[in-house]
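**Q** Take a look at the following structure, please.
Every number in this text was worked out from the coordinates using simple rules, so none of it is lab data. No experiment lies behind these values; they were computed from the predicted model shown. Reconstructed Cβ throughout: ideal geometry from the backbone, glycine too, with neighbour counts over all protein chains shown.
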Amino acid sequence: MDGTALYEAVASIFIAQINGISLSFGQVITVSITATLASIGAASIPSAGLVTMLIVLSAVGLPADDISIIIAVDWLLDRLRTCVNICGDAVGCAFVQAMIERNKPPRVHPSSNNSLPLPQDEESPTTYFTAESEFHANPRRTVQFEPMQQSSFR
């Protein structure tokens, strides 16, 4: 909830400036950390930032009565927060998708007959991946299977 964290920090500083209160560097850091933690725990419902705003205001000793100034324009700010949240989520999805694409094995064109070795550990036999999507064990290593004993079920 990137938009909620930014909104709560900026709104807290706005309320401090309206009241003529100068926030110290430590108080600004406290507002930032509290706003971030409050936005993580905020519900994903409209105007949930107003409820968590009280936590941020009380953390630095700002008057909670002035939140009524923000309520008048919260309908617009809520839409802007949602846009920021969507953009942040889209960037996160793009990052995860890029990391997945980066770790994928290279693709083999269906018309080529080349085979690529797959990553393996030391104990497993060499395995090859062909263009036909079949797995073949290394023919140099053989595995012998013993036939199963027949048992009668009663």
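**Q** Exactly one of (1) over 24 Å from the mean Cα position of the chain (by Cα); (2) surrounded by fewer than 13 Cβ atoms within 10 Å (Cβ to Cβ); (3) part of a loop (DSSP other than H, G, I, E, B) is unmet by Ile21. Its number?
**A** If we test Ile21 against (1) over 24 Å from the mean Cα position of the chain (by Cα); (2) surrounded by fewer than 13 Cβ atoms within 10 Å (Cβ to Cβ); (3) part of a loop (DSSP other than H, G, I, E, B), just (2) comes out false.
**Q** Given the structure, is Ile33 in a loop (DSSP other than H, G, I, E, B), without any contact (Cβ under 8 Å) to a residue 12 or more places away in the chain and not charged (D, E, K, R)?
**A** No: the conditions fail for Ile33.
**Q** If Gly26 passes every condition in (1) touching a helix residue (DSSP H, G or I) at 6+ places or on another chain (Cβ under 9 Å); (2) in a helix (DSSP H, G or I); (3) farther than 26 Å from Asp89 by Cα; (4) of a type outside the set (A, V, I, L, M) but one, which one does it miss?
**A** Just one mismatch for Gly26, condition (1).
**Q** How many residues does the range 39-64 hold that are assigned to a loop (DSSP other than H, G, I, E, B), of a type in the set (A, V, I, L, M), under 21 Å from Ile86 (Cβ atoms) and in contact (Cβ under 8 Å) with a residue 12 or more places away in the chain?
**A** The qualifying residues number 1.
**Q** Which residue out of Leu80, Leu50 is over 20 Å from the mean Cα position of the chain (by Cα) and under 13 Å from Asp2 (Cα atoms)? Quick ask: steps written out before the conclusion?
**A** Working: Leu50 fails: under 13 Å from Asp2 (Cα atoms).
Of the residues listed, the single one that is over 20 Å from the mean Cα position of the chain (by Cα) and under 13 Å from Asp2 (Cα atoms) is Leu80.
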